[in-house]
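Have a look at this one.
The values are calculated or read from the model by the stated rules, or taken from the named source; none is laboratory data. On a predicted model such as this, the values are computed, not experimentally measured, just so you know. Ideal geometry is used to build each Cβ from the backbone, glycine not excepted, and the neighbour counts take in all protein chains shown. The protein model used for the area step is the full one, side chains on, heavy atoms only, and it has no ligands, DNA or RNA in it. Shrake-Rupley method; radii C 1.70, N 1.55, O 1.52, S 1.80 Å.
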Amino acid sequence: MRDGDETTAGAALLAWYDRSARVMPWRVGPEARATERPDPYHVWLSEVMLQQTTVAAVRDYFRRFTERWPTVTDLAAAEDADVMAEWAGLGYYARARNLLKCARVVAGARGGKFPEAAAELQKLPGIGPYTAAAVAAIAFDEPAVVVDGNVERVVARLWAVQTPMPIAKPELVEKAGRITPQARPGDHAQAMMDLGATICTPRNPVCALCPVNAFCAAKAQGIAAELPRKAPKAEKPTRFGLAYVAVNAAGGVLLERRPEKGLLGGMLGFPGTEWGADTPEPRPPLVADWVELPHEVRHTFTHFHLRLKVMLARAEGEGFTPREAFAPADLPTVMRKVWDAAQAGL
DNA sequence: AAGTCGTGGGA
DNA sequence: TTCCCAAGACT
């Protein structure tokens, strides 16, 4: 990309977007774009769900949330447990806790209306630099500089930035600002992200189909696939633990609500040991005839692998969740795997 | 300011 | 199987 090309490249990108924007439940279609503004609640909700999460994974969650809670005021009035259960399986559960906090601020102090400026949006729980800029641009037409992983990659390639991530971040933000137009900033941001998701992909970018390939320094140098550069990742350790599945005669299940902070914070789970470097000592939640299941559960989190031995027993006692109040879909995935494993032993 | 925090799909 | 990683935020 050369100085002066920004306007031309931006126009080519928008033209491509008008042709081939992907259809998503939270987007206003091209036919209505001239007359209809996106619902800020929908934009915010989708952007929070999309943090570090693929479009394919988000779609059904977005539909269920908006069907169940059509407005931010409805969401603000929801029970915590219902929101956490609806979020179960999507991951990064702090997002759900902050989502609810944010909804309650907006529905309360702000009378149900989101602030329109990126600087104000960023003060709300769960809204960082990216999400604030994205909501301001898409919902409120502010020419905010929207920088996510896609934009970083596209910009690094357009300017052939060799600086490794995350050191290159400020430089990439500055360059992203150069191609951000005053008009249609929301469509521009979504165009950059669509481009990164479908053409300017991490591996095997399809430069031949790229609407801005004529301006791309990395393509000219034949190094598009190598950018952005990044430091090698640390190896993931393996942790070990025990999980206890107790079922009573009525089909009730022994579950516990995990602490608000930390891994799987605020979610339901089976009682168990800590997860450490070695197989821990047994620590059953109640006295029963525990049987170890033949297959352990394996699950990988962001920064460690987990192997869980699953202990199963039929037992009676206090604190069981009644059969009709328990849905496996309300559990985070690792706990749903434990439940699935237990089914084989029942 | 590095570490923490999920998951499912693709290569 | 294993690795990579996706529309990041929080501490």
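A:Leu306 is checked against (1) within 15 Å of DNA strand B (Cβ to nearest atom); (2) part of a helix (DSSP H, G or I); (3) among the hydrophobic types (A, V, I, L, M, F, W, C) and fails just one. What number does that condition carry?
So the condition that A:Leu306 fails would be (2).
Give me the residue from region A:29-62 that is surrounded by 12 or more Cβ atoms within 10 Å (Cβ to Cβ) and over 21 Å from the mean Cα position of the chain (by Cα) and, out of that set, nearest to DNA strand B (Cβ to nearest atom).
The qualifying residue nearest to DNA strand B (Cβ to nearest atom) is A:Pro30.
To continue, here is another question. Across region A:333-346, what is the total count of residues that are away from DNA strand C (no atom under 16 Å from the Cβ) and either aromatic (Phe, Trp, Tyr) or open to solvent by less than 30 Å² (accessible area, probe 1.4 Å) (or both)?
Residues that pass the stated criteria total 4.
Within region A:116-146, track down each residue that is in a loop (DSSP other than H, G, I, E, B) and open to solvent by less than 20 Å² (accessible area, probe 1.4 Å).
A:Leu124, A:Ile127, A:Ala144, A:Val146
List the helices (runs of 4 or more DSSP H) that sit entirely inside region A:162-273 and contain at least 3 residues that are open to solvent by less than 30 Å² (accessible area, probe 1.4 Å).
A:169-179, A:185-198
I'm trying to understand the selection: among the residues of region A:39-71, which are under 22 Å from A:Gln122 (Cβ atoms) and among the basic types (Lys, Arg)?
Matches in region A:39-71: none.
Quick check on region A:280-332: of everything there that is away from DNA strand C (no atom under 16 Å from the Cβ), exposed (fewer than 12 other Cβ atoms within 10 Å of the Cβ) and without any contact (Cβ under 8 Å) to a residue 40 or more places away in the chain, which residue is farthest from A:Arg239 (Cα to Cα)?
Of everything passing the filter in region A:280-332, A:Glu324 is farthest from A:Arg239 (Cα to Cα).
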